[in-house]
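Asker: The structure is given below, and queries will be raised subsequently.
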Amino acid sequence: MTSFSAAQRSRVTMLDVAERAGVSKASVSRFIGDDRALLSDAIALRIEQAIEQLGYRPNQMARGLKRGRTRLIGMLVADIRNPYSIAVMHGVETACRQHGYSLVVCNTDRDDEQERQHLAALRSYNIEGLIVNTLGHHLDELLELQREMPLVLVDRKVEPLRSDLVGLDNPAAVRMAVEHLEQQGYAEVLLVSEATDGTSSRLERLHSFKAEVARRPDMSGAVLELDDELEHHLRTFLAKPARKALFCANGVAALACTRALKVLGCNLFDDIGLIALDDLDWYPLVGTGITALAQPTEAIGASAFDCLLKRLRGDTAPTRTLDFLPQLIIRGSTQFPVGGGLPPIAVCQSAYL
């Protein structure tokens, strides 16, 4: 067998194969396509040998365009650095691969102009379907794409888009978190979130948190959006005399708060409790471990692709919403010390500085 470099293989054309095999270009096209049965065994063998000798690799994109099928799925994500986005994307990609599709991922980096450019690029790639996890500020482009192909939303609603939506049951997740904190004796809870910025999932968590706290007479709650004054805000919160806890609305908020608490000199987690949405690999490594509400990200990604695949296969049922429940994983950040009873109220070393 002859060894060819990738560059050499890319220069070999279908015509080269046809000339080496002594057949027509149409016969080569039939051989690498879906019409191989139309060729005699002798011609098929000559073409196969020529392909091996020349190291020919067919252009899969060109073949797909010719047949009107590329088997490409597009995915638009708002922030590829967010651990949630990476985990869901892995679930989508795994499901794509299992069904013979390839995934094209575009990161908008929460920038409207990048989103516009990526939508144009995805259209040029002739994707067969689109999975969207972004704010959808370019609604006209999204609506136009939706007229051309199936579209599924992940985590975030884009109201004018009548599309399947897959994500977390946010009200249920918040209820689980607040109930756990109440059972552990926390009276003051601060919800820390990234800026809502119109993001439906963040707004749902915020509204659900306010509603859950309002139903509990022995609990008070406040909401804080991440900004450059996080340490100052946490210092003020830590000065409160009641038993207190932070509820971080996602992994980004959890990391920011953990860093800030370290700077403030907190004895994690004696001075303050902490529970976070998402369960990241580093949570068990901080103090006695961070209690988490683990999202089934792999299942969310796989279900998003499954919804898309059903639409690609002609499913015309009304749009569906799939809300997944999280799993509460209790670690030391919200547990009483050994021996039971409420721990003494404490403040960080710098609480009054």
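Asker: Taking only Cα atoms, what is the 0 to 90° angle, nearest 10, from helix 41-54's long axis to the longest principal axis of the chain?
Answerer: Here the helix axis deviates by roughly 60 degrees.
Asker: Per the helix-only calculation at 222 nm, which mean residue ellipticity applies to the chain, given -39500 (n - 2.57) for every DSSP H run of n ≥ 4 and division by its residues, nearest 500 deg cm²/dmol?
Answerer: One gets -13000 deg cm²/dmol as the mean residue ellipticity at 222 nm.
Asker: Moving on to the next point. Can you give the local net charge around Thr13? Use residues other than it whose beta-carbon is closer than 10 angstrom to its beta-carbon, Lys and Arg +1, Asp and Glu -1.
Answerer: Details: positive: Arg11, Lys25; negative: Asp16, Glu19.
Combined, the nearby Lys, Arg, Asp and Glu give 0.
Asker: Here's something else I'd like to know. Rounding to the nearest 10 and keeping the result within 0 to 90°, find how far the Cα-based axis of helix 251-263 lies from the longest principal axis of the chain.
Answerer: So the helix axis and the longest Cα principal axis differ by about 40 degrees.
Asker: Looking at the chain, what % of its DSSP beta bridges pair antiparallel, to the nearest 5?
Answerer: Around 5 percent of the beta bridges assigned by DSSP in the chain are antiparallel ones.
Asker: Kindly express, to the nearest 10 degrees and within the range 0 to 90, the angle between helix 200-214's C-alpha long axis and the longest C-alpha principal axis of the chain.
Answerer: For 200-214 against the chain, the angle is about 20 degrees.
Asker: Tally Lys and Arg at +1 and Asp and Glu at -1 over the other residues with C-beta under 10 Å from the C-beta of Leu130: what net charge comes out?
Answerer: -1
Asker: Okay, next question. Rg over Rh of the chain, using C-alpha atoms and the Kirkwood radius, what does it come to?
Answerer: Details: Rg = 27.0 Å, Rh = 23.5 Å.
Looking at the chain, the ratio lands at 1.15.
Asker: To continue, here is another question. Once you list every other residue whose beta carbon is under 12 Å from the beta carbon of Asp271, what net charge do they have if Lys and Arg are +1 and Asp and Glu are -1?
Answerer: On the way: positive: Arg235, Lys240, Arg243, Lys244, Lys262; negative: Asp270.
With Lys, Arg at +1 and Asp, Glu at -1, the neighbours total +4.
Asker: Give me Thr236, Thr316, Thr291 ranked fewest to most by other Cβ atoms within 10 Å of their Cβ, as a rough exposure proxy.
Answerer: Working: Thr236 13, Thr316 6, Thr291 26.
Listed from fewest to most nearby Cβ atoms, that is Thr316, Thr236, Thr291.
Asker: With springs connecting C-alpha atoms under 10 Å apart, model the chain as a Gaussian network and identify which of Val88, Val189, Val286 has the largest mean-square fluctuation.
Answerer: Checking each option, the largest mean-square fluctuation is seen for Val286.
Asker: Can you sort His232, His180 so the residue with the fewest Cβ neighbours within 10 Å comes first? Let's see the in-between values first.
Answerer: Details: His232 12, His180 19.
Arranged by neighbour count, lowest to highest, His232, His180 become His232, His180.
Values in this text are rule-based calculations from the coordinates and carry no lab data. Fair warning: this is a prediction, and the values are worked out from it, not measured in the lab. Don't worry about glycine lacking a Cβ; one is built from the backbone with ideal geometry, like all the others, and counts go over all protein chains shown.
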